[in-house]
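Worksheet: one structure, shown below.
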């Protein structure tokens, strides 16, 4: 490096740790690889492996999205089933005579 020239800062890469942690509450089996990959981003940046850090961030984002999608779908299905069972229970209860 020559004197007088400012040192170039390494590019910042979002490690997606927040989304990974949020996704653990919705579908933890898919969120675990997201958290593992998110935790690899900063050490790879410190080592100067920008391509590796970008790949780990992309993997973290992919797993987090899948965990969020699967978790939300499962929550919606369970809510619909509970509502259907509740309505079905009320309907069958009103037709019975004792």
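Being modelled with pLDDT of 90 or more and not in a helix (DSSP H, G or I) holds for only one residue in 37, 15, and it is 15. Of all the criteria given as (1) outside any helix (DSSP H, G or I); (2) out of contact with any helix residue (DSSP H, G or I) (no Cβ under 6 Å at 6 or more places or on another chain); (3) at pLDDT 90 or above, the one not satisfied by residue 1 is (3). Scanning the stretch 14-27 for residues being surrounded by fewer than 17 Cβ atoms within 10 Å (Cβ to Cβ) and within 13 Å of residue 60 (Cβ to Cβ) gives a total of 4.
When 30, 44, 74 are checked against the criterion of being assigned to a helix (DSSP H, G or I), in contact (Cβ under 8 Å) with a residue 12 or more places away in the chain and either in contact with a strand residue (DSSP E or B) (Cβ under 8 Å, 6 or more places away or on another chain) or crowded, with 20+ Cβ neighbours inside 10 Å (or both), a single residue qualifies: 30.
The values are calculated or read from the model by the stated rules, or taken from the named source; none is laboratory data. Predicted model, so just to flag it, every value in this text is computed and none were measured. FYI the Cβ positions are ideal-geometry reconstructions off the backbone, even for glycines, and counts take in every protein chain you see.
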